[in-house]
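To start, the structure itself, in C-alpha cells.
The values are calculated or read from the model by the stated rules, or taken from the named source; none is laboratory data. If you're wondering where the values come from, they're calculated on a predicted model, not measured in any experiment. Here Cβ is always computed from backbone atoms with ideal geometry, including for glycine, and neighbour counts include all displayed protein chains.
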C-alpha cells in the first residue's frame, strides 16, 4: 500500500487554531478532542488519500466527528 505525505498550509493551521479555540470555549476538553480527532483523520489520509472524492483536482475528505472538510 502506498503511503502519501500529508501537509498543512499555514492558512489551514490558522483555521485549526481558530476552530480549537471555538470548541474550547464550549468545553475545555472539547478543544483538545477536536485536535485529537483531526490528527487521527490526517493520519488516515496518508493511506487513503486517493480514494476520496476529487474536486477541482484535489481530494476532499469530510472530518468524521466535526463539520469540517480536508482538501
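Computed quantities for the displayed model
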quantity	calculated
Residue in region 32-39 that is surrounded by fewer than 13 Cβ atoms within 10 Å (Cβ to Cβ), within 21 Å of residue 59 (Cβ to Cβ) and free of Cβ contacts under 8 Å to residues at least 12 places away in the same chain present	yes
Within region 3-59, tally of residues that are farther than 12 Å from residue 70 by Cβ, assigned to a loop (DSSP other than H, G, I, E, B) and touching a helix residue (DSSP H, G or I) at 6+ places or on another chain (Cβ under 8 Å)	3
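Each row is one residue, and each column tells you yes or no for (1) touching a strand residue (DSSP E or B) at 6+ places or on another chain (Cβ under 7 Å); (2) at pLDDT 85 or above; (3) surrounded by 15 or more Cβ atoms within 10 Å (Cβ to Cβ).
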{"position": "9", "(1), (2), (3)": "no, yes, no"}
{"position": "20", "(1), (2), (3)": "no, yes, yes"}
{"position": "26", "(1), (2), (3)": "no, yes, no"}
{"position": "47", "(1), (2), (3)": "no, no, no"}
{"position": "58", "(1), (2), (3)": "no, no, no"}
{"position": "65", "(1), (2), (3)": "no, yes, no"}
{"position": "70", "(1), (2), (3)": "yes, no, yes"}
